[in-house]
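Just below is one structure, and these are the notes that go with it.
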Amino acid sequence: MEKTNDITLLKEPILPNINTMKKPIFVTQPTLPNLDEFHTSLKEIWASKWITNNGTFHQQFELELAKHLGVNYVSIFNNGTIALLTALQALEIKGEVITTPYSFVATANSLLWNNLTPVFCDVDPIYGNLDAAKIETLITPNTTAIMPVHVYGTPCDVNAIEQVAKKYQLKVIYDAAHAFGVEVNNNSVLNYGDLSVLSFHATKAFNTVEGGAIICHDAATKEKIDQLKNFGITGETTVVAPGINGKVNELTAAYGLLQLKTIDSDIEKCKTITASYKEKLSNIKGLQCMPNIKNTKLNYSYFPIFIDENKFGMSRDELYNKLKENNIFGRRYFYPLITDFPTYKNLATVSLPNAKEIAKQVICLPLYAALTQDEINYIISIIKV
Ligand code: T4K
């Protein structure tokens with residue numbers, strides 16, 4: 001290379017760097033509602049001057065959500081974590097709660113914030129959900145509840161969990177953060193357990209920017225949850241419980257109502273992408289996709305792959321970094337395990353071999369409705385090279 005004034009003359013043409021040509025592909029990308037339609041809703045809100053505290057959009061959103069999900073009652077929240085905290089308060093859970101180490105940390109945090117003791121149970125080695133067969137051995141006189149997670153939206157073994165809960169009179173609160181629209185035998189998975197908690201965070205199948213909901217089965221429980229999310233207030237001058245502020249404003253509720261228009265087609269698109277990934281990633285030594293599960297309608301919001309480094313010829317982290325170097329930002333959900341964080345380390349009382357193994361192997365590949373076939377092919381090409 002020689003320099004003439006300020007102009008750099010290149011003797012040899014430099015090939016374009018594929019990395020600089022590709023825009024980053026993140027693990028997910030939210031779908032946003034039609035902006036013109038949102039503007040129309042905003043105009044209504046501006047005219048009414050009613051912007052929060054159980055307004056008309058809020059009420060309509062709860063009703064539409066219940067209809068869409070096929071559940072009895074929905075209480076919307078400002079995020080899934082506050083909804084988890086409130087669900088535990090609503091059922092007045094005390095003592096020990098059996099839960100999973102293979103989840104986002106909010107699951108266990110909600111227990112500690114309620115002064116409850118999380119008791120970590122191992123997961124099944126295929127889907128990463130709480131292993132129902134291992135719950136019983138962890139039950140003590142202090143156990144009052146089970147908090148399983150439908151990881152990646154794959155339903156837990158809801159019938160086995162129900163059986164053990166009945167036998168020992170335990171409450172079941174599902175962290176259903178990933179399970180919007182998921183069904184088992186044509187019935188919403190949210191109809192299982194005493195309560196289920198959804199997240200509507202930007203990274204979830206269905207988003208309201210930030211948001212969440214508690215699903216319950218009867219009007220009295222919904223009333224209690226609604227009081228708790230509004231400081232425990234029941235009237236102008238009465239407070240019946242130490243509630244919290246979990247309320248949803250009218251802008252968010254209006255946004256959520258519009259999101260209901262496109263969620264089904266988004267899920268269909270993600271189903272097609274999942275099928276494409278599965279087809280193209282089959283028969284790669286040391287790379288496992290999650291097997292199909294019978295009688296279940298999924299929402300296809302995550303695409304985890306599991307790397308056995310001995311057979312694949314590269315470790316999970318090597319592949320993760322290789323993807324990153326090529327502008328593909330998968331995520332290692334859920335590594336490290338919750339029980340690897342300093343706050344929880346001393347709370348792991350039994351060994352968790354399955355959870356450890358899948359946390360060591362997992363990468364969630366990009367999956368969202370707007371992901372193109374070209375992008376999928378590009379991701380596959382980097383994995384296969
Ligand atoms: N229980 C479970 C099982 C959960 O997974 C979660 C949340 C909760 C409870 C609690 O629910 P919330 O209180 O959050 O409602 C994300 C989310 O922040 C978190 O909501 C979620 N689980 C967790 C699994 O993932 P990060 O740290 O991975 O998010 P972030 O910001 O790195 O986003 C990932 C990618 O998504 C970005 O690289 C790009 C893309 N993205 C993200 C945002 C925020 C966008 O394209 N646009 C955006 O606005 O935690």
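Computed from the coordinates by the stated procedures, all read-outs in this text should not be read as laboratory data. All of these numbers come straight from a predicted model, not from anything done at the bench. FYI the Cβ positions are ideal-geometry reconstructions off the backbone, even for glycines, and counts take in every protein chain you see.
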- May I ask you to sort 314, 290, 147 by Cβ crowding, counting other Cβ atoms within 10 Å and putting the fewest first? 314, 290, 147
- Message: Given the C-alpha atoms of the chain, compute the convex hull and give its volume per residue in Å³.
- Response: 194
- Antiparallel DSSP bridges in the chain: what percent, to the nearest 5? 65
- Message: Could you tell me how far the Cα centroid of the range 156-201 sits from the Cα centroid of the range 296-336, in Å?
- Response: 27
- Task: Calculate how many DSSP beta bridges within the range 65-154 are antiparallel, expressed in % of all such bridges and rounded to the nearest 5.
- Result: 10
- Note on the structure: Percent relative contact order for the range 232-385, counting Cα pairs under 8 Å at least six residues apart, stands at 25
- Considering every Cα-Cα pair within the range 119-194, what fraction, in whole percent, is farther apart than 14 Å? 57
- Neighbour count of at most 13 Cβ within 10 Å plus DSSP loop: longest GluC sites (Glu not before Pro)-free window in the chain: 237-385
- Item | Of the trypsin sites (Lys or Arg not before Pro) in the range 313-385, those whose Cβ has at most 14 other Cβ within 10 Å and which sit in DSSP loop | none
- Message: Could you give me D for the range 300-344, from Stokes-Einstein at 10 °C and 1.306 mPa s, where the hydrodynamic radius is the Kirkwood radius over C-alpha pairs? Units µm² s⁻¹, please.
- Response: 131
- Item | Spacing of the two label points (7 Å from each Cα toward its C-beta) at residue 284 and residue 59, in nm | 5.2
- Task: Name the shape class, rounded, prolate or oblate, that the alpha-carbon gyration tensor gives for the range 69-197, where a ≥ b ≥ c are the square roots of its eigenvalues, rounded holds for a/c under 1.5, and otherwise prolate holds if a/b is larger than b/c and oblate otherwise.
- Result: rounded
- Note on the structure: Excluding residues fewer than 8 positions from residue 167 in its own chain, the lysines with Cα under 25 Å of it are 94, 134
- Out of all DSSP beta bridges with both ends in the range 140-254, state the antiparallel percent to the nearest 5. 60
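Order these by the 10 Å Cβ neighbour count, fewest first: 317, 124, 218. Can you show the working numbers first?
On the way: 317 14, 124 20, 218 10.
Ordered from fewest to most neighbouring Cβ atoms within 10 Å, 317, 124, 218 come out as 218, 317, 124.
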